[in-house]
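Below is one structure, written out as structure tokens; comments come after it.
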Amino acid sequence: MDDTKLTCGEQSHRAWPILRFVLLYARMDWLSGWLLPGMTVFGPWAFGTAESWSALTMDIASYVLGALLIAKLLIRFLLGCKPARWSPSPKSNMVKSTAILAALTLLLLGYTIISVLNVRADYDPVRLTMACREYFQWLPHSYHRTATGRALCDSVAWAFVVWALRDWLGGWIRRKRVAPNLPWIMRNHGICRLG
């Protein structure tokens, strides 16, 4: 074998382990591509994810999407694999809107984490009482740590879905097929998770 460079930037004598990760990346991207529309269709049919079992199903699917996203990012950055992707120019509005989306995601998650940690009172559903605690008044706070913790889990799941969708749509091959349906996908999924 010669020492030509692969797509991943590694030498050919290391091609077999790298090829495994490239194929794994392709499978994970394929699975993300099936999970996202599947969640979009399942959400309204599962009573709008208002029932506990359907919300749990959507949360599990969201966390699977998050795990797939993290694994794809690790393959992309640790191995230097750069799959063919649609990437806008640095001066485009897409880069600015992605930065705004990242800031809003971090703001939402940070606000919820602070609310979980800065509890003003703990609600006891058995006694129907609230036990007051010391807290920082100038920070976001909560009156029910358990419910706020569930809201944090839902917020993390929502963030995983948004960023997995953004990553999956970045694949330039699929962009041409999905772009006309993007408003429909985002509208249906947003209604299901926010409802």
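The values are calculated or read from the model by the stated rules, or taken from the named source; none is laboratory data. On a predicted model such as this, the values are computed, not experimentally measured, just so you know. Positions of Cβ are backbone-derived with ideal geometry, glycine not excepted, and every protein chain shown enters the neighbour counts. Accessible surface is based on the protein model in full, side chains and every heavy atom, while ligands, DNA and RNA are left aside. Shrake-Rupley method; radii C 1.70, N 1.55, O 1.52, S 1.80 Å.
Of everything in the range 118-146 that is among the hydroxyl-bearing types (Ser, Thr, Tyr) and surrounded by fewer than 18 Cβ atoms within 10 Å (Cβ to Cβ), the residue that is farthest from the chain's Cα centre (by Cα) is Thr129. Looking across the range 147-177, the residues that are surrounded by 14 or more Cβ atoms within 10 Å (Cβ to Cβ) and modelled with pLDDT under 50 come down to Arg174, Arg175.
Per the listing Ala71, Ala121, Ala102, the residue uniquely free of Cβ contacts under 8 Å to residues at least 12 places away in the same chain and out of contact with any Gly (no Cβ under 9 Å at 6 or more places or on another chain) is Ala102. Please indicate, with yes or no, whether at least one residue in the range 32-52 is within 13 Å of the chain's Cα centre (by Cα), open to solvent by less than 10 Å² (accessible area, probe 1.4 Å) and within 26 Å of Leu78 (Cα to Cα). The answer is yes, given that some residue of the range 32-52 is within 13 Å of the chain's Cα centre (by Cα), open to solvent by less than 10 Å² (accessible area, probe 1.4 Å) and within 26 Å of Leu78 (Cα to Cα).
In the range 105-117, the residues that are under 16 Å from Trp163 (Cβ atoms) and open to solvent by 30 Å² or more (accessible area, probe 1.4 Å) reach residues that are part of a helix (DSSP H, G or I) and modelled with pLDDT of 90 or more with C-beta atoms within less than 7 angstrom, at least six apart or across chains, in these pairs: Leu108/Ser155; Leu109/Ser155; Leu109/Val156; Leu109/Ala159. Screening Ile70, Ile60, Ile75, Ile100 for residues that are surrounded by fewer than 15 Cβ atoms within 10 Å (Cβ to Cβ), within 23 Å of Leu23 (Cα to Cα), within 20 Å of the chain's Cα centre (by Cα) and among the hydrophobic types (A, V, I, L, M, F, W, C) leaves exactly one candidate, Ile70. Regarding the range 80-102, can at least one residue be identified that is touching a Ser or Thr at 6+ places or on another chain (Cβ under 8 Å), polar (S, T, N, Q), modelled with pLDDT of 75 or more and at negative phi? Taking every residue of the range 80-102 in turn, none turns out to be touching a Ser or Thr at 6+ places or on another chain (Cβ under 8 Å), polar (S, T, N, Q), modelled with pLDDT of 75 or more and at negative phi.
Looking across the range 42-54, the residues that are without any contact (Cβ under 8 Å) to a residue 24 or more places away in the chain and either in contact with a His (Cβ under 9 Å, 6 or more places away or on another chain) or part of a helix (DSSP H, G or I) (or both) come down to Phe42, Trp45, Phe47, Ser52, Trp53, Ser54.
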